[in-house]
1. Using a Cα-Cα cut-off of under 22 Å, which lysines could be cross-linked to residue A:318, ignoring same-chain neighbours fewer than 8 residues away?
2. Could you pull out every residue, at least 5 positions away or on a different chain, whose amide H is within less than 5 Å of the one on residue B:133? Hs are placed 1.01 Å off N in the peptide plane, and Pro or chain starts have none.
3. Pull up the cross-link candidates among the aspartates and glutamates for residue A:386, meaning alpha carbon to alpha carbon under 16 Å and not fewer than 8 places away within one chain.
4. Please work out the C-alpha center-to-center distance from segment A:2-70 to segment B:159-213 and express it in whole Å.
5. Rg and Dmax of segment A:494-586, using alpha carbons, in Å: what are they?
6. What Kirkwood hydrodynamic radius, in Å, does segment B:312-351 give when the mean of 1/r is taken over all pairs of distinct Cα atoms and then inverted?
7. Under 5 Å between amide H atoms, partner at least 5 residues away or on a different chain: which partners does residue B:105 have, H built in plane at 1.01 Å?
8. Put +1 on the Cβ of every Lys and Arg and -1 on every Asp and Glu Cβ in the protein assembly as shown; which of A:456, A:143, B:341 then has its Cα farthest towards the positive end of the dipole?
Amino acid sequence: MLLLPTDIRNPDYFHKVVDCQWACPAHTPVPEYIRLIAAGRYADAYMVNWESNVFPGILGRTCDRPCEPACRRGRVEEEPVAICRLKRVAADYKGDISARLPTPATARNGKRIALVGAGPASLTVARDLAPLGYEVVVFDGESRGGGMIRSQIPKFRLPEQVIDEEVGYVLDLGVETRFDTRIDSLKGLLDEGFDAVFAGSGAPRGRDLVLPGRQEAAGNIHIGIDWLSSVSFGHITAIGKRVIVLGGGNTAMDCCRSARRLGGTEVTVVVRSGFEEMKASPWEKVDAMHEDIPILNFLVPKEFTHEDGRLTGVLFEKVRAEIDEKGRRKLMNAGEPDVHMPCDDVLVAVGQENAFPWIERDIGLEFDRWDMPVVDQVTFRSTHPKVFFGGDAAFGPKNIIWAVAHGHQAAISIDLACRGEELQNRPPPHVWLSSQKMGIHEWSYDNDVSNDLRFAVPHQDKAIALADIKAEVELGFDLKQAFAEAQRCLNCDVETVFSDAACIECDACVDICPVDCITFTENGPEAELRTRLNAPAVNLTQDLYVSGPLKTARVMVKDEDVCLHCGLCAERCPTGAWDMQRFLLDVAQAGSACSKH
Amino acid sequence: MTFLPKPKLHHPGLAANTLGFTRRDYEGTISTLCAGCGHDSISAAIVHACFELDLPPHRIAKLSGIGCSSKTPTYFLGNSHGFNSVHGRMPSVLTGANLANRELIYLGVSGDGDSASIGLGQFAHAMRRGVNMVYIVENNGVYGLTKGQFSATSDKGAKSKRGVVNNDEAIDLVSMAMQLGAGFVARSFSGDKGQLVPLIQAALTHQGAAFIDCISPCVAFNNHVGSTKSFDYVREHNEAVNYLDFITEREEITVDYAPGSVEVVKQHDGSLLRLRKIAGDYDVHDRAAAISFLQHRRASGEIVTGLLYVDQEPDDLHGYMNTVSTPFNELVEADLCPGSAALDKLNAALR
Ligand SMILES: Cc1cc2nc3c(=O)[nH]c(=O)nc-3n(C[C@H](O)[C@H](O)[C@H](O)COP(=O)(O)OP(=O)(O)OC[C@H]3O[C@@H](n4cnc5c(N)ncnc54)[C@H](O)[C@@H]3O)c2cc1C
Ligand SMILES: Cc1ncc(C[n+]2csc(CCOP(=O)(O)OP(=O)(O)O)c2C)c(N)n1
Ligand code: SF4
Ligand code: SF4
Ligand code: SF4
Ligand SMILES: [Mg+2]
């Protein structure tokens, strides 16, 4: 089967080429804001973010950044662009943007929406719907908005004023808040006559470790996420000197680093799995180890030891990883003696679960066999027509950017439902494609590819950081570093657009391409074609751009994988068959009230 | 922004040759020729050929005359020796260099104006002397650098961009090279690297004068309807007599071909040229027949390409002159000055 010419009118084609944007759950137009940062237009860069992801200052410090492993730069040199930390630059240097935010709706549309929980998912729904005239009421058991952003993420990673500012932008859109109000009946809430209810209640329950000694030593064994929120709200200000943190995820990393700041001088993280398999992000592990916290692997807790009702330590079994017949990793007893590690306190950070005690099971809202609500992956509607879910409450614990992405989609659904339209009729994205040519060798973007390696974000002096749990560790890029880091971005959204009719097959583009992307060859089946390009196209996640038949009956094939978007093919082309065109895609939002393009 | 340097970043899978160099290490600075110029494709082919032959860049000398074509040595082999001589004088400068140091690999790059007009005599003598070199003419049928006047290789009846007809007979450098005794003669097309790269490799490993006439469309002045050196015209009239695979001693021949369709030519350095014949009866070792074949095809408007002639027992200028194997530039006074006793002896012999 010969390959058909690529249909570049399908917005997904060029969207996929912008790896970072494609990977971002909220599809933030990353290169667009990075260019604005390089141009010194921080407020504009902030607004591009704010429209897409609602919490640029928060995410610029805490995002799980799925965009970075996807970033094309990471495939042509050692490290991806520091996309996340550039987002923070936009937030740090934006100045006063209040005048650019939408204003509360002047007229109501008569529809009332209840949001349960004031975490990022609910706040996104509120931001999208309030300016459209919906009467939005947010309920939260806590006294302030932000959800786990406020209750869980330690202040040394995310200062309180950043949360206040960005949660404030949303609440100032005319959103009614009912804080210190825990909803204990969904039925009751529905009975209040809301047109829709959004459950953004998170995954609030920390998993416990039921082992011998758990009861007896309970006073010094703490559930990680409960302990972190007590620390966040100032209820806990100290911990023992010797602390063991059980678990290998990001919660464990926050626990150990918080313990180091509250009097823990010997804090150790102990993990069942190997170091590589730990769930924590690589940078979180690096930061913990930098604070003198050893991470010990392949140790499974067996027992909490205690004396006179006081915890004395934890007993561990040593294990090793083995691959079983089915190719699965299994932990096996290593055949070595157990290890006892003395300690004063234990923080249990072995997982997080959903809990919906406030939802009645007899109101037409179905739960599955894991006791999770049945939620549509696209519309976020439950089996109850008026009830929607998003964030950690929808499909289990994820992260902030997923909560935002869910929130946007749920808001679209709620808007459609309230207008009596089909939820499946999702609005298409807004797409712009425009030539960037300014002259023979001149483009409206900076096509000179930087050779700089990734810049490291400066950190606070360790002694100062460990002395104050509120002292932010990362200081953020200064403007010089930010510019240089921004220049590392390859502008993957400036797309190479090929016109079959103009090409005279002179080979100039093939010869100049620094990464051997382009081949003129006989057409063929994709798998076979991939092997006989100028550079074999081995990355199957990246598309081939294929032209129609040219004069010599060959086709042009471009492997998108490592294109530097340098525009040299277009500069070299004598006929303009290649052009560099900026592709801007804005994912549709409810009513698009927050988009100003 | 104008003329950026080509980004240093390269494909993660970019291969290295046995010297540890990648193809990118054989590039030069970025070309300043017109976008789409055939000459740039020839530069790229030279880069490919030298990379694949594992040639140490510092053992290559590239020499040229004047013209767009003669500018190209700046755009390839940035780590090799270079000499940009005066118009039409590349052959004599190269001959001198070759005499002084026979151990370098000599690559002469010229244009149709540079070689067929002002430098025609120089071209002729380099061929007949058998200077050990690769002589590439980047043939676009015009003086590109001086804005597109007809050159001496422009076909009679060809039209210029402004519609003027060329009434002069064209010089066919390929036929001349054969007549003058070049040991290796080929013609190719800048738009066909599959043919050109192995030809350059074969020429680089040939001993003696190896001549390649490479048709190279000038996109600015000679790529219009009415031109006989345009992409379209050359593609339509290209009559390849063979394609070549260049095989080093290390590689084995494994592919099976129909009997009679392939001929293997062994070169003096042990490398093999596998000729995939297209015109089955074409004999690359018969100089006289080749000249006649070329004349006939030319009369019927065809452009014959491929390896056209190769001498199976080649020799070169140094062989004809019986020079010492040590390069002249390494000979010291003791080697060169035989002393007064020897002089007395010589004088006595002449009395
Ligand atoms: C220790 C820790 C660190 C984390 N660090 C990061 C990080 O660095 N980056 C990242 O992206 N993610 C991080 N996460 C995950 C992230 O915080 C969550 O994925 C995200 O906050 C989920 O958002 P949400 O809107 O779904 O709900 P949540 O943020 O969990 O908010 C839910 C809110 O609902 C309220 N609520 C629940 N039930 C009721 C009820 N019945 N009535 C009224 N109110 C109710 C809760 O009080 C809470 O405020 C971390 C999580 C933990 C535990
Ligand atoms: C002695 C001398 N005479 C004339 C010129 C003007 N001149 C410069 S380049 C050129 C012709 C080059 O033609 P060609 O060798 O075909 O090169 P092209 O630019 O076409 O590649 C001429 C006549 C010169 N530089 N020096
Ligand atoms: S190089 Fe820039 S545009 Fe390309 S994937 Fe990375 S951040 Fe996105
Ligand atoms: S923009 Fe063109 S020349 Fe540059 S890397 Fe991509 S395909 Fe190659
Ligand atoms: S440079 Fe332009 S005309 Fe030449 S082969 Fe490439 S696309 Fe075609
Ligand atoms: Mg010329």
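Values in this text are rule-based calculations from the coordinates and carry no lab data. Small disclaimer: the values here were computed from a predicted structure and weren't measured. Please note: Cβ atoms are built from the backbone with ideal geometry, for glycine as well, and neighbour counts cover all protein chains shown.
1. A:279, A:285, A:302, A:330
2. B:208, B:209, B:210
3. Leaving aside aspartates and glutamates fewer than 8 places away in the same chain, those within reach of residue A:386 are A:135, A:191, A:192, A:195, A:360, A:362, A:366, A:376, A:415, A:421, A:422.
4. Cα centres, segment A:2-70 to segment B:159-213: 52 Å.
5. Final numbers for Rg and Dmax: 12.6, 39 Å.
6. 12.8
7. Those qualifying (amide H under 5 Å, at least 5 residues apart or on another chain) are B:60, B:61.
8. Farthest towards the positive end: B:341.
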